[in-house]
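A.B. asks: Before I ask anything, here is the structure I am working with.
What follows is calculated from the coordinates using simple rules that are stated; it is not laboratory data. None of these values were measured; they are calculated from a predicted model. Don't worry about glycine lacking a Cβ; one is built from the backbone with ideal geometry, like all the others, and counts go over all protein chains shown.
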Amino acid sequence: MNPNLKILSEKALSLPLSPGVYIMKGEGDKIIYIGKARELKNRVSQYFREAGHTSPKVQSMVDHVKDFEYIVCTSEFEALILEASLIKQHTPKYNILLKDDKGYHYIRISDDKWRNITAEKMIKNDGAKYFGPYNSGWVVNQTVETAKNLFSLPKCNKNFDAKHKSRPCLNHAIGLCCAPCNEKVTLKEYNELVEGAIRFIKEGDKEIIKELEKKMYAAAEDMQFEKAAKLRDRINAIKKAGEKQRIVSSPVKEQDVFGFAFTAAKMCVEIFHFSEGRLYDDEHFILDDFTDTPETKYEFILSYYSGERKIPKQITVDGEVADTELLTRFLSEKSGKNVKIVIPQKGEQFALVKMCKENAAERLIITKGRGNRGEAVLDELAILLGISKAPEYIEAYDISHTAGDENVAGMVVFKKGKPFKKAYKRFKIRTFDGQDDYGSMAEVMERRIAEYEKNKDTNEGFGKLPDLILLDGGRGQISAVMPKMTGDFASVPLFGMVKNSHHKTDSMVGIKGEIEIKQTRNVFTLISQIQDEVHRFAIDYHRLRRKNATLNSVLTNIEGVGEKRAKLLTIKFGSVDKISKLSVEEIKTCEGMSEKSAQNVWNFFHSED
């Protein structure tokens, strides 16, 4: 903890209630964090008043603060502009810092006899023709590769004027090369192909398809059927390439889509870039110690566009962003056009954001690289559910009864993705008779939490605080149990496992709504295993209770045998059939059985009646 906390807190309370920028300084007067505030006094004092109750990143920053300065501004928007400028100037350690994307890429058309199309990172004074600049190297490489494939242009560096002609390569055999190395095409025909590829790069597929269709019909009319067939095949290839590009498409023509994924230690941000409704590029960033908050998303987006990156008309994000209006105004003024930030709730855009978030989660899991497959799926589960850490200790609950008779519950535990049978628990519902799954689940959770309070010093069994609680059921079970989640359990994530028509859990429901898991194979497998296990455990206990109840009902018909003696006989000997074959002396060995009661039991099974 920061030893200067009291001094810093008192200084913060003396700040004005004005908009401004605050500058946190560490050892040697070095700037370690810069932020903006609507009211300086309230915002800065939070850091020192809430020490110990913030994210690890913020807590670490607070622990290193030796002093702070502030600059009063006339408005919060002015503070935002100043904040962005100062962050770029000082690059503080605890702000989100992203390098400017200043690298440009070009498409080069060589100026030699057999012109070649290549992807380049700079323009040279070599007489060649260059298209660009493009921000994305991925876009340039994909465009060059597609153009060469569509127009059967060679990808090799052979000398096509060599006296000794070489055999065509495999690309020619599969229709991806016109093979000038073997004189399969004339220089004139080759240049026509190059011109077609250049038009494709400059104008896209629509215009080039129109031009090729005209040539195809003209060739067919002139009875040049082989040429017409080649043009038809090229048109079909271009159309297929266009369809491939439209696999990931958007109704919004120009936008960047942001997906955020978090674990306890890292954050990954995936960004999809769309132009003309097509995904043309993507990139991702992995950063340490940032938590899933609207402020984190605000800070990242501000940092991302503070450099030289192109700002689209729409920015689509997978959740709430702090200070959206201010950020929108900043981006609009910086780009010189109206920019809007959208948080979709349903439809195509929502599906797009979800896919972006899933990609971020996948990258985070791969980057983390946990060796144990069972532990890796826990990271994936945490990201999918939006919880702060991998749930290594999971408790799951299910209710079992027959039309309200012998109402019981089972609790199973999965530790690091594996069943931990030592910690399994069984509950007999006590507070009511009859069928009420919601009331049963609420009673069980209340008793579980009460047992925790008695045993929490042991950190074992009932004294262990779970990382995640799963209920067999949906919103009803969640609503019934949530009021019982008090004390330490108030911070434990709670989700219901929702079954489909095949009695398999294909989604989970929490307080924020339903989350599909069937598309996430590893998570689906784990949750299905947990659901099957807790269901089996609860049913087994219910069947045992029914069996014992049936056995007890037989034994209590014997004179001198009440419920207590019937239960003791059941525990010791197991079944009516076994008891019926015992001698009087053997029956007497059961606790609580007298000579007379033992004789009555023997008589019951051996009398002629």
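A.B. asks: Determine the distance separating the Cα centre of region 270-294 from the Cα centre of region 573-609; give it in Å without decimals.
C.D. replies: The distance from the Cα centre of region 270-294 to that of region 573-609 comes to 75 Å.
A.B. asks: Given a Förster radius of 51 Å and the C-beta distance between Ala322 and Met223 as r, what FRET efficiency does 1/(1 + (r/R0)^6) yield to the nearest 0.05?
C.D. replies: Rounded to the nearest 0.05, the efficiency is 0.15.
A.B. asks: So if I take the centroid of the Cα atoms in region 149-215 and the same for region 72-133, what is the distance between those two points in Å?
C.D. replies: 33 Å
A.B. asks: If you don't mind, there's one more thing I want to ask. 7 Å from Cα along Cα→Cβ at both Arg167 and Val492: what's the point-to-point distance in nm?
C.D. replies: My value for the distance between the label points is 7.1 nm.
A.B. asks: Which pairs in the list Lys389/Lys418; Lys266/Lys340; Lys266/Lys346; Lys354/Lys518; Lys310/Lys357; Lys297/Lys337 are over 19 Å apart, alpha-carbon to alpha-carbon?
C.D. replies: Lys266/Lys340; Lys266/Lys346; Lys310/Lys357; Lys297/Lys337
A.B. asks: Mean separation of Cα pairs under 8 Å and 6+ residues apart, divided by the residue count of the chain: what relative contact order is that in percent?
C.D. replies: 7 percent
A.B. asks: How large is the helix-only mean residue ellipticity at 222 nm for the chain, computed as the sum of -39500 (n - 2.57) over DSSP H runs with n ≥ 4, divided by its residue count, in deg cm²/dmol to the nearest 500?
C.D. replies: Rounded to the nearest 500, the figure is -14000 deg cm²/dmol.
A.B. asks: Moving on to the next point. Does the chain come out rounded, prolate or oblate, given a ≥ b ≥ c as the square roots of the eigenvalues of its C-alpha gyration tensor, rounded meaning a/c under 1.5 and, failing that, prolate meaning a/b above b/c?
C.D. replies: Note, shape of the chain comes out oblate.
A.B. asks: Take peptides 355-364, 301-310 and line them up by average Cβ neighbours within 10 Å, highest first, as a rough protection proxy.
C.D. replies: 355-364, 301-310
A.B. asks: Counting alpha carbon pairs within less than 8 Å and at least 6 residues apart, what relative contact order, in whole percent, applies to region 556-606?
C.D. replies: Once normalised by length, the contact order is 41 percent.
A.B. asks: Further question on the same structure: Give the lysines whose C-alpha is closer than 27 Å to that of Lys578, dropping any in the same chain fewer than 8 places away, or say none.
C.D. replies: Correct list for Lys578: Lys428, Lys547, Lys564, Lys567, Lys588, Lys596.
A.B. asks: How do Cys178, Cys156, Cys268, Cys169 line up, fewest other C-beta atoms within 10 Å first?
C.D. replies: Ascending Cβ contact count within 10 Å gives the list Cys156, Cys169, Cys178, Cys268.
A.B. asks: Nearest 10 degrees is fine. How inclined is helix 595-606 to the longest principal axis of the chain, computing both from alpha carbons?
C.D. replies: 70 degrees
A.B. asks: Under 19 Å from a label point 7 Å along Cα→Cβ of Asn4: give me every residue in region 14-31 with its amide N that close.
C.D. replies: 14-16, 21-31
A.B. asks: Additional query: Among the listed pairs Lys456/Lys572; Lys422/Lys499; Lys148/Lys215; Lys215/Lys253, which have their C-alpha atoms separated by more than 25 angstrom in this model?
C.D. replies: Lys456/Lys572; Lys422/Lys499; Lys215/Lys253
A.B. asks: Quick check: from the Cα gyration tensor, does region 381-494 come out rounded (a/c under 1.5), prolate or oblate?
C.D. replies: Verdict is prolate for region 381-494.
A.B. asks: In addition: How much length, in nm to one decimal, is gained on full extension between Asn557 and Lys572, taken as 0.36 nm per residue of separation minus their Cα-Cα distance?
C.D. replies: 3.5 nm
A.B. asks: So for each of 560-568, 292-300 I average, over its residues, the number of other beta carbons within 10 Å; can you give me the resulting order with the highest mean first?
C.D. replies: So the order, starting with the most tightly packed, is 292-300, 560-568.
A.B. asks: Aspartates and glutamates near Lys416 by alpha-carbon distance under 16 Å, same-chain residues fewer than 8 away left out - which ones?
C.D. replies: Glu375, Asp379, Glu380, Glu392, Glu395, Glu460, Asp467, Glu533
A.B. asks: Positive end of the dipole of the chain, charges at C-beta (+1 Lys, Arg; -1 Asp, Glu), about the Cα centre: which of Asn159, Phe77, Ile478 has its Cα farthest in that direction?
C.D. replies: Of Asn159, Phe77, Ile478, it is Asn159.
A.B. asks: If one takes the longest principal axis of the Cα atoms in the chain, at what angle in degrees, from 0 to 90 and to the nearest 10, does the Cα axis of helix 225-245 lie?
C.D. replies: 50 degrees
A.B. asks: With a ≥ b ≥ c the root eigenvalues of the C-alpha gyration tensor of region 1-42, is it rounded (a/c under 1.5), prolate (a/b larger than b/c) or oblate?
C.D. replies: Verdict is oblate for region 1-42.
A.B. asks: Determine the relative contact order of region 255-368: mean sequence separation of Cα pairs under 8 Å and six or more apart, normalised by residue count, in whole percent.
C.D. replies: About 34 percent, as a whole number.
A.B. asks: Same structure, new question: Does anyone have the angle between helix 373-385 and the longest principal axis of the chain? Alpha-carbon axes, 0 to 90°, nearest 10?
C.D. replies: With both axes taken from Cα atoms, the answer is about 80 degrees.
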